[in-house]
Each structure stands twice: as C-alpha cells, then as structure tokens.
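Comments concern the structure below.
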Amino acid sequence: MIEVPMKEKNLHYEMDFDALEQAVTEDTGVLVLCNPHNPVGRVYTRAELEQTAAFTERHHLLVVSDEIHCELTLEGEHIPFFSLNDRVKDYSITLSSAGKIANIPSLPSGFAIIPSQELRRRFQDISLGLFSTPNALSFEALHAAFDGSCDEWKEELRDYLRENRDYLESRIAGIDGLRVVHNEGTYLAWIDARDTGIEDPFAFFKEKAGVRFNNGADYGQKGFVRLNFGCPRSQLKEALDRVEAALQAYRAAQ
Ligand SMILES: Cc1ncc(COP(=O)(O)O)c(C=O)c1O
C-alpha cells in the first residue's frame with residue numbers, strides 16, 4: 001500500500017494529484033477512494049472526481065470507491081464514482097452498506113456495486129468465503145434502509161446532524177487552541193488541536209476531560225482528534241464543556 005496524504009490549506013483538504021502522480025508505479029493496480037471522506041468530511045465535487053477518473057485511466061488503475069457514508073452527505077451532492085461516465089463503469093467497484101445511515105453496523109449489510117460483468121465475476125470468484133455471511137435480519141434491514149420507507153427519517157437525521165455540526169463549529173470557535181475542519185459529509189469532525197501545544201491531545205482529553213476522541217495519529221496526523229457528532233446534542237454539549245474546562249485548567253497551570 002502506498003499512502004498519499006491529502007493536501008491541506010487553511011483546514012480545507014483536497015486530494016494531492018501531484019503527489020499521486022509521483023507515488024504511482026508500474027506495479028500500482030488500485031486507487032482506493034473514500035467519498036464522503038472519513039476523517040476529513042469532504043464530499044468531492046464533480047471536477048475533483050473527474051480529475052481522479054482521468055488519473056486512474058491514465059495509469060490503468062482499478063478504482064475501489066468506499067462510499068459507505070454516501071447518504072450522510074450534509075452539503076453539496078454525493079456523486080457516485082461509477083456514475084461519472086460509461087468508461088469508469090468498466091473499472092470501478094463501489095462499496096457501501098446500510099451500517100452508517102441506519103446505524104446498524106452489527107447487522108452485516110455491506111455490498112459491492114460492480115457494473116462490469118467481467119469484473120463482477122472476478123470479484124465473486126476471489127471473494128468467495130472472504131466475507132462474513134449476513135444473517136437473515138441483515139437482508140430485511142438492508143431492504144428497509146434503501147426501499148424509500150425511511151427517506152423522511154433520513155432527512156430528519158441529516159437536519160439534526162447539520163445542526164450538531166453547526167453547534168460544534170460555533171463552540172470550537174470559542175475554544176482557544178482548537179480549530180475544526182468544515183464537514184460536508186459523514187458525522188465525523190476532524191479537529192486540529194496543534195495550537196494547544198499539547199503533545200498528545202488524544203491522551204490529554206481522555207485523561208483530563210473524560211472525552212475519548214479518536215486519535216488523529218491513527219489517521220496519519222498527529223495533533224488532530226476525530227469526534228463523532230452522531231449523538232444527542234446534550235451529549236455533544238457535555239463533551240465540549242469538558243474539553244473547554246480541561247483546556248482552561250491546563251492553561252491556568254502553565
Ligand atoms: C469510510 C468507512 N468505510 C468502511 C467502514 C466500515 O464499516 P463497517 O465495518 O461497519 O462495515 C467505516 C466505518 O467506520 C468507514 O468509516
């Protein structure tokens with residue numbers, strides 16, 4: 001695996017196409033795309049996806065597109081990679097599930113969309129026995145999640161998440177040392193804690209605030225933490241109150 005970090009400017013993340021060009025080798029076979037992106041919360045624009053398609057075509061790469069958060073698009077439009085044009089249908093595998101939008105990760109419901117018959121056959125041959133078998137409830141749940149009967153509920157969920165995101169942004173703006181990347185999709189916030197001067201913010205907030213974020217270092221960026229705002233607003237408020245208080249106490253002790 002070759003990791004190609006995204007480029008960040010003023011807390012806006014983009015794919016780094018120059019770095020991708022430099023990283024690709026003759027042995028590279030697959031580009032893994034994640035859209036909406038976990039953890040930076042980007043929903044890629046058509047122009048960005050077209051640039052990705054041009055890059056992958058030029059280098060004859062298969063695209064495995066992880067679109068598990070597709071229905072959690074809070075801003076802009078989620079454009080499935082395979083829908084870009086007819087050519088990409090021949091070399092793309094889209095992965096998704098009802099796990100995120102319906103919050104049912106314990107009911108295995110992952111699926112792959114593979115428009116090309118030839119690729120689908122290869123995928124089926126290779127994947128035989130690789131995946132856990134969904135149980136009978138998974139099929140019911142998957143069907144219910146996508147048959148349209150939950151559309152109103154999904155709208156309400158997205159509205160609630162958007163409000164949580166806006167609340168989070170307004171609170172973080174008032175906390176010295178923290179900045180948050182504007183989220184366009186997913187329920188994950190990518191928080192920059194580098195200006196706090198704290199070496200390991202993940203450990204600090206866990207120990208001093210009792211708030212367990214995900215550690216940014218696990219995603220390749222030390223000094224960052226990831227917050228899941230898919231929760232009741234009261235819980236989000238309490239977490240932010242504790243984070244704010246812990247930072248105030250830290251500064252007072254300096
Ligand atoms: C981008 C992305 N892909 C895949 C997964 C895996 O989800 P699951 O194991 O519930 O199928 C996750 C879960 O966090 C995710 O964020």
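Nothing in this text is a laboratory measurement; each read-out follows from the coordinates by a stated rule. Quantities reported herein were computed from a predicted structural model and do not represent experimental measurements. All Cβ positions, even for glycine, are placed from backbone atoms using ideal geometry, and neighbour counts span all protein chains on display.
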- Task: Output the residues belonging to segment 202-241 that are out of contact with any helix residue (DSSP H, G or I) (no Cβ under 8 Å at 6 or more places or on another chain) and of a type outside the set (A, V, I, L, M).
- Result: Lys206, Glu207, Asp218, Tyr219, Gly220, Gln221, Asn228, Pro232, Ser234, Gln235, Glu238, Asp241
- under 22 Å from the mean Cα position of the chain (by Cα), without any contact (Cβ under 8 Å) to a residue 24 or more places away in the chain and surrounded by 20 or more Cβ atoms within 10 Å (Cβ to Cβ) - does that describe any residue in segment 214-236? no
- Please indicate, with yes or no, whether at least one residue in segment 72-92 is within 11 Å of the ligand (Cβ to nearest atom), under 16 Å from His37 (Cβ atoms) and buried (at least 17 other Cβ atoms within 10 Å of the Cβ). yes
- Pairs, first farther than 16 Å from Leu20 by Cβ in segment 30-46, second β-branched (Val, Ile, Thr) and in a strand (DSSP E or B), C-beta under 9 Å, six or more apart: Pro36/Thr73; Val43/Thr73
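The rows are residues; the columns are (1) away from the ligand (no atom under 14 Å from the Cβ); (2) closer than 21 Å to Tyr44 by Cα; (3) surrounded by 12 or more Cβ atoms within 10 Å (Cβ to Cβ).
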residue	(1), (2), (3)
Ile101	no, yes, yes
Phe111	no, no, yes
Ile114	yes, yes, yes
Arg120	yes, no, yes
Asp151	yes, no, no
Asn183	no, yes, yes
- Top-ranked residue of segment 12-46 - restricted to ones that are within 16 Å of the ligand (Cβ to nearest atom) and farther than 16 Å from Gly220 by Cβ, ranked as surrounded by the most Cβ atoms within 10 Å (Cβ to Cβ): Pro36
- Item | Unique match (being away from the ligand (no atom under 13 Å from the Cβ) and in a loop (DSSP other than H, G, I, E, B)) among Leu107, Leu130, Leu137 | Leu130
